[in-house]
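A.B. asks: Would you mind keeping the following structure in view while I ask a few things?
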Amino acid sequence: MIGRKPLSEDPSDEDLKVSAPERWAAGWPSLYESLPLALTEMGVERSIKTLTALNQKRGIDCMSCAWPDPPHRKTAEFCENGAKAVSWEAGLLKVPASFWLEHTVSSLRERSEFWLGQQGRLVEPMYKAAGEDHYRPIAWEDAFAVIARELNALDSPNEATFYTSGRTSNEAAFEYQLFARAFGTNNLPDCSNMCHESTGAAMGEVIGVGKSAISYEDFAKADLIIIMGQNPGTCHPRMLTALEDAKRGGTSIVAVNPLLEAGLINFRNPQRPRGLIGKGTDLADQYLQIRLAGDMALMQAVSKRVLDAEKAAPGTVLNHAFLTRHCHGLEEFRAHLEHLEEADVLAATGLRSTEIDELADRYMKADKVIITWAMGLTQHKKAVPTIKEIINLMLLRGNIGKPGAGPSPIRGHSNVQGDRTMGIWEQMPAEFLDGLQREFGFDPPREPGLDVVDSIRAMRDGKIKILIAMGGNLVSAVSDTTVAQTAMQKTTLSVQISTKLNRSHAFVGDQALILPTLGRSEIDRQSGGPQFVTVEDTVCAVHGSAGRIEPISTTVLSEVAIVSRLARAVLGENHPVNWAGFEASYDTLREHIGHVCAGCEDYNAKVRQPEGFVLPHPPRDSRTFPTASGKAMITVNDLETIEVPSGRLLLQSIRSHDQFNTTMYSLNDRYRGVKKGRHVLLVNAEDLSELGFTDGDYVDVHGEAADGVDRVLAQQRIISYPTARGCVAAYFPEANVLVALDDVAEVSNTPISKSVVVRLEKAQAPDFAPTH
């Protein structure tokens, strides 16, 4: 059947099935889980047009992860989850007009994210008036008039906040931040505040650039790749091909993760015969099941072993020439680690000394080392110093600024890094703001704005009255779900620019607007002709993306068109910025990007090259470090471990395999052996025994934050699972209810969703009895 019907009822966990977790990723299942879905959702013609263009030169940039494209593209340059992402976006199902008559806003709050996302594409602007409980159709010009009226009635521009999702293109992001600053505020929170903000804060301070310091080609050149707090098999599956190529070329791989993840153990590449009929490629040579939040201690322990080895054999271990010429702080760091106690390291990591010895030995034998990480490291209280310790270790042996080596945060959202380059940040530096002033003739606000957590606080406290969200699903993505939902409902107006329904359309202000927008896969026609957009991937490569299929409806607008018309309505037709010109031709936006954004000179010409171009990165390109000292900073960071009371555990939130951020493609998590359900808790077998629970029991999970509020994730089915002792895992975003809004990482203000102290209390099982 082409173009499925929407779900009528929310599925429960009644048919939940649990099996042993897989020990390999991809293979045949990746094909039969994705291609039939594409045909059902999109039909043959749309499937061929999208999938053959996905991640190709001058094709469609995948709207899923930010993994970089290889220099030589395969015919099928997409993964299982990329195919699911484009099927979800480009499907034929539309939300019908009758839906809005049948469902009140209040009733939508009772629906799950999965049900809402399965209702189809949004195709007309919708408005909920003050005091009403239904969305009703509204003309585009009337929708913009509502927003203009409310924004211009504020006592201060800082009573509005402008959120951005990483799906937003560079052109839309640049225009969006320009509009917010022309309106008069730096309140520009974005999804990066909740994921890699800790990375930017740490790397920006110690090497001067908060981005990956490698290229795609460096993976195949590395002697050792250490993958920390990251699940590539689910979150960026195309990375597995790069790891397979590196492994077959002789690279060693070490995985550091509390959970045994199939994609770090073995990869059966579905585009190679070996992956379909053979045993695939073993990836991790060493797998360290570290305790949650133990990564800082591990990095310090490895660095101490490196320094001890140098002390035992002077001149043979450290890269003295690199350290002398490019680094500052070695002696202070050496003195600090003299006091590192092995007992504290073992308690923090849950590892054995021999395991750490092995990792240190691998590191010292490797000339070229890459360390990658994702949110398993960035969402802890000590995330920023943890990442600084990664940099410390890399600097000791000069593992930056040479082929096959470097620190590499892996971004999980398609253009989240590009949005920051374009100015989506509440605290852009003066150089960027000066550039806006020179280019557009107005003085942008200079005081820092609000990030995500501070925006939620301000909405809760009545200080933010209007939320405009360019994509995303803020109410579900952010921590402390109950507080976030209440905060959203305190606004006078909430505006969501969206392709599909989510729970941010249900928890809304007194007035609410839904503005439907084009997907990245769709042809974007403007008065100046068909348009393309640009994005930046995780290794700073910028390239174009152009839709291939007809839009789902003639009534949806592109993000650029929405912002252009919104700006004209709010700021007036006589505003000095040519907003209408931006909508007519995105080249005009790109000309301004080239004049304002660092590294983007001659932007229009560069992005028209088949490969696009790579942004400058001084530490990577020339071992130049634009820090306060002009050198890479080796820093001293005090080790602080989380004290978990007796009978308590540390919880992390995780994504399922059939999930992208808050979007669920199904209720399955194939690699972890979970099918047709999400209300589960993964717990170590020894912890279960110690706490008096067994596999299959139901528990309520209580978060134990410092504020004393009892936050509960109710009725979770326990699964005995190979995770580190003392650590449990539950699905995101459901587990966000356990994370206190004020529990954030130092410096970055990122929610600490990977280290939540919880207790488990016996709960009554539901009426149904799932199969095990």
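A.B. asks: If you check Glu358, Glu331, Glu338, which single one turns out to be acidic (Asp, Glu), more than 23 Å from Lys402 (Cβ to Cβ) and either under 32 Å from the mean Cα position of the chain (by Cα) or buried (at least 21 other Cβ atoms within 10 Å of the Cβ) (or both)? First the steps, then the outcome.
C.D. replies: On the way: Glu331 fails: either under 32 Å from the mean Cα position of the chain (by Cα) or buried (at least 21 other Cβ atoms within 10 Å of the Cβ) (or both); Glu338 fails: either under 32 Å from the mean Cα position of the chain (by Cα) or buried (at least 21 other Cβ atoms within 10 Å of the Cβ) (or both).
None of the other options fit; the residue is Glu358.
A.B. asks: Does Asn661 satisfy being surrounded by 18 or more Cβ atoms within 10 Å (Cβ to Cβ) and at pLDDT below 95? Before the answer, list the steps.
C.D. replies: On the way: surrounded by 18 or more Cβ atoms within 10 Å (Cβ to Cβ): yes; at pLDDT below 95: yes.
Yes, satisfied.
A.B. asks: Here's a follow-up. Please specify each residue of segment 670-709 satisfying the condition of being out of contact with any helix residue (DSSP H, G or I) (no Cβ under 8 Å at 6 or more places or on another chain), open to solvent by 60 Å² or more (accessible area, probe 1.4 Å), over 18 Å from Ser646 (Cα atoms) and not β-branched (Val, Ile, Thr).
C.D. replies: Lys675, Lys676, Asp707
A.B. asks: Is it the case, given these coordinates, that Lys381 is closer than 30 Å to Ser653 by Cβ, open to solvent by 10 Å² or more (accessible area, probe 1.4 Å), in a loop (DSSP other than H, G, I, E, B) and basic (Lys, Arg)? Reasoning before the result, please.
C.D. replies: On the way: closer than 30 Å to Ser653 by Cβ: yes; open to solvent by 10 Å² or more (accessible area, probe 1.4 Å): yes; in a loop (DSSP other than H, G, I, E, B): yes; basic (Lys, Arg): yes.
Yes: the conditions hold for Lys381.
A.B. asks: Would you check which residues across segment 600-622 are surrounded by fewer than 17 Cβ atoms within 10 Å (Cβ to Cβ) and either in a loop (DSSP other than H, G, I, E, B) or touching a Lys or Arg at 6+ places or on another chain (Cβ under 6 Å) (or both) and list them?
C.D. replies: Step one: list which residues in segment 600-622 are surrounded by fewer than 17 Cβ atoms within 10 Å (Cβ to Cβ), which gives 601-602, 604-605, 608-611, 616, 618, 621-622.
Correct list: Glu601, Asp602, Asn604, Arg608, Gln609, Pro610, Glu611, Pro616.
A.B. asks: How many residues does segment 341-355 contain that are small (Gly, Ala, Ser), open to solvent by 50 Å² or more (accessible area, probe 1.4 Å), touching a residue at least 60 places away in the same chain (Cβ under 8 Å) and assigned to a helix (DSSP H, G or I)?
C.D. replies: First, the residues of segment 341-355 that are small (Gly, Ala, Ser): 343, 347-348, 350, 353.
After this cut, where a residue has to be open to solvent by 50 Å² or more (accessible area, probe 1.4 Å) as well, the list is 343, 347, 350.
Now drop any that are not touching a residue at least 60 places away in the same chain (Cβ under 8 Å), which leaves 347, 350.
Filter again for assigned to a helix (DSSP H, G or I), leaving 347.
So the count comes out to 1.
A.B. asks: Identify, by number, the condition in (1) under 22 Å from the mean Cα position of the chain (by Cα); (2) of a type in the set (Gly, Ala, Ser); (3) at pLDDT below 95 that Ala730 doesn't meet.
C.D. replies: (3)
A.B. asks: While we're on this one: Considering only segment 1-45, state which residues are among the hydrophobic types (A, V, I, L, M, F, W, C), surrounded by fewer than 16 Cβ atoms within 10 Å (Cβ to Cβ) and under 17 Å from His657 (Cβ atoms).
C.D. replies: Once the filter is applied, which keeps residues that are among the hydrophobic types (A, V, I, L, M, F, W, C), surrounded by fewer than 16 Cβ atoms within 10 Å (Cβ to Cβ) and under 17 Å from His657 (Cβ atoms), segment 1-45 yields Ala20, Trp28.
A.B. asks: Starting from residues that are open to solvent by 20 Å² or more (accessible area, probe 1.4 Å) and in contact with a Gly (Cβ under 6 Å, 6 or more places away or on another chain), keep the ones in segment 192-209 and report whichever is farthest from Asp245 (Cα to Cα).
C.D. replies: Among those that are open to solvent by 20 Å² or more (accessible area, probe 1.4 Å) and in contact with a Gly (Cβ under 6 Å, 6 or more places away or on another chain), it is Gly204.
A.B. asks: To continue, here is another question. Going through Gly544, Gly581 one at a time, which residue ends up being open to solvent by 10 Å² or more (accessible area, probe 1.4 Å), in contact with an Asp or Glu (Cβ under 9 Å, 6 or more places away or on another chain) and not in a loop (DSSP other than H, G, I, E, B)? Even if it seems obvious, please write down each step before you answer.
C.D. replies: Working: Gly581 fails: in contact with an Asp or Glu (Cβ under 9 Å, 6 or more places away or on another chain).
Being open to solvent by 10 Å² or more (accessible area, probe 1.4 Å), in contact with an Asp or Glu (Cβ under 9 Å, 6 or more places away or on another chain) and not in a loop (DSSP other than H, G, I, E, B) holds for just one of Gly544, Gly581, which is Gly544.
A.B. asks: Oh, and also: Which members of segment 487-509 meet the condition of being surrounded by fewer than 21 Cβ atoms within 10 Å (Cβ to Cβ) and in contact with a strand residue (DSSP E or B) (Cβ under 7 Å, 6 or more places away or on another chain)? If you could, list the steps in order and put the result at the bottom.
C.D. replies: Taking segment 487-509 first, the residues surrounded by fewer than 21 Cβ atoms within 10 Å (Cβ to Cβ) are 489-490, 492.
Of everything in segment 487-509, just one residue is surrounded by fewer than 21 Cβ atoms within 10 Å (Cβ to Cβ) and in contact with a strand residue (DSSP E or B) (Cβ under 7 Å, 6 or more places away or on another chain), namely Thr492.
A.B. asks: Given (1) open to solvent by 10 Å² or more (accessible area, probe 1.4 Å); (2) in a loop (DSSP other than H, G, I, E, B); (3) more than 27 Å from Leu298 (Cβ to Cβ), where does Asn186 come up short, assuming only one miss?
C.D. replies: Every listed condition holds for Asn186 apart from (1).
A.B. asks: While we're on this one: If we keep just the residues of segment 104-134 that are closer than 24 Å to Gly677 by Cα and assigned to a loop (DSSP other than H, G, I, E, B), which is most open to solvent (accessible area, probe 1.4 Å)?
C.D. replies: Filtering first and then ranking leaves Glu110.
A.B. asks: Suppose we filter Arg568, Arg590 for residues that are open to solvent by 40 Å² or more (accessible area, probe 1.4 Å), more than 30 Å from Leu93 (Cβ to Cβ) and outside any loop (DSSP other than H, G, I, E, B); which single one remains?
C.D. replies: Working: Arg590 fails: open to solvent by 40 Å² or more (accessible area, probe 1.4 Å).
One residue alone meets the criteria, Arg568.
A.B. asks: How about segment 696-772: which strands (runs of 3 or more DSSP E) wholly inside it have at least 3 residues that are out of contact with any Ser or Thr (no Cβ under 8 Å at 6 or more places or on another chain) and over 24 Å from Glu686 (Cβ atoms)? Steps first, answer last, please.
C.D. replies: Values: elements: 698-704, 710-720, 727-731, 756-762.
Per the criteria, 710-720.
A.B. asks: Further, regarding this structure: Within the group Gly329, Gly350, which residue is modelled with pLDDT of 95 or more and touching a Cys at 6+ places or on another chain (Cβ under 9 Å)?
C.D. replies: Numbers: Gly329 fails: touching a Cys at 6+ places or on another chain (Cβ under 9 Å).
Criteria check complete, one pass: Gly350.
A.B. asks: Same structure again: Conditions first: (1) at negative phi; (2) at pLDDT 95 or above. Ala769 passes all but one, so which condition is the exception?
C.D. replies: (2)
A.B. asks: Specify which of the listed residues (Lys57, Lys49) is open to solvent by 70 Å² or more (accessible area, probe 1.4 Å) and in a helix (DSSP H, G or I).
C.D. replies: Working: Lys57 fails: in a helix (DSSP H, G or I).
Residue meeting the stated conditions: Lys49.
A.B. asks: Right, something else. Only one of Ser553, Ser521, Ser479, Ser527 is over 28 Å from Gly200 (Cα atoms) and crowded, with 24+ Cβ neighbours inside 10 Å. Can you tell me which?
C.D. replies: On the way: Ser553 fails: crowded, with 24+ Cβ neighbours inside 10 Å; Ser479 fails: over 28 Å from Gly200 (Cα atoms); Ser527 fails: crowded, with 24+ Cβ neighbours inside 10 Å.
Only one candidate qualifies: Ser521.
A.B. asks: Next question, about the same structure. Just the residues that are among the aliphatic types (A, V, I, L, M) and in a strand (DSSP E or B), please, taken from segment 160-177. If you could, list the steps in order and put the result at the bottom.
C.D. replies: Kept after step one, since they are among the aliphatic types (A, V, I, L, M), are these residues of segment 160-177: 160, 172-173.
Correct list: Ala160 only.
A.B. asks: From the list Ala430, Ala484, Ala512, which one is modelled with pLDDT of 95 or more, aliphatic (A, V, I, L, M), farther than 24 Å from Arg411 by Cα and surrounded by fewer than 21 Cβ atoms within 10 Å (Cβ to Cβ)? Give the steps one after another, and end with the answer.
C.D. replies: Values: Ala484 fails: surrounded by fewer than 21 Cβ atoms within 10 Å (Cβ to Cβ); Ala512 fails: surrounded by fewer than 21 Cβ atoms within 10 Å (Cβ to Cβ).
Selected residue: Ala430, the only one of Ala430, Ala484, Ala512 that is modelled with pLDDT of 95 or more, aliphatic (A, V, I, L, M), farther than 24 Å from Arg411 by Cα and surrounded by fewer than 21 Cβ atoms within 10 Å (Cβ to Cβ).
A.B. asks: Out of all the residues in segment 745-756, is one or more at pLDDT 95 or above, closer than 26 Å to Glu110 by Cα, open to solvent by 10 Å² or more (accessible area, probe 1.4 Å) and among the charged types (D, E, K, R)?
C.D. replies: Among the residues of segment 745-756, not one is at pLDDT 95 or above, closer than 26 Å to Glu110 by Cα, open to solvent by 10 Å² or more (accessible area, probe 1.4 Å) and among the charged types (D, E, K, R), which makes the answer no.
A.B. asks: Look through Ile277, Ile253, Ile226 and report the one residue that is touching a residue at least 60 places away in the same chain (Cβ under 8 Å) and of a type in the set (A, V, I, L, M). Talk me through it step by step, then tell me what you get.
C.D. replies: Details: Ile277 fails: touching a residue at least 60 places away in the same chain (Cβ under 8 Å); Ile253 fails: touching a residue at least 60 places away in the same chain (Cβ under 8 Å).
Ile226 is the lone residue from the list that is touching a residue at least 60 places away in the same chain (Cβ under 8 Å) and of a type in the set (A, V, I, L, M).
A.B. asks: Could you pull out every one of the strands (runs of 3 or more DSSP E) wholly within segment 230-306 that has 2 or more residues that are in contact with a Gly (Cβ under 9 Å, 6 or more places away or on another chain) and buried (at least 21 other Cβ atoms within 10 Å of the Cβ)? Before you say what the answer is, go through the steps one by one.
C.D. replies: Details: elements: 252-256, 266-268, 286-288.
The qualifying strands (runs of 3 or more DSSP E) are 266-268.
A.B. asks: Let me ask another. Filter segment 68-81 down to the residues that are assigned to a loop (DSSP other than H, G, I, E, B) and either open to solvent by less than 10 Å² (accessible area, probe 1.4 Å) or more than 30 Å from Ser212 (Cα to Cα) (or both) and list them by number. Spell out the reasoning first.
C.D. replies: Of the residues in segment 68-81, the ones assigned to a loop (DSSP other than H, G, I, E, B) are 68-79.
Pro68, Glu77, listed by residue number.
A.B. asks: If you don't mind, there's one more thing I want to ask. Got a sec? Which of Pro645, Pro626, Pro619 is at pLDDT 95 or above and farther than 18 Å from Arg325 by Cα?
C.D. replies: On the way: Pro626 fails: farther than 18 Å from Arg325 by Cα; Pro619 fails: farther than 18 Å from Arg325 by Cα.
On inspection, the qualifying residue turns out to be Pro645.
The values are calculated or read from the model by the stated rules, or taken from the named source; none is laboratory data. Please read these numbers as outputs of a predicted model, since none were measured by experiment. Backbone-built Cβ (ideal geometry, glycine too); neighbour counts: all protein chains shown. Protein only, heavy atoms only, side chains kept; ligands, DNA and RNA dropped before computing areas. Shrake-Rupley method; radii C 1.70, N 1.55, O 1.52, S 1.80 Å.
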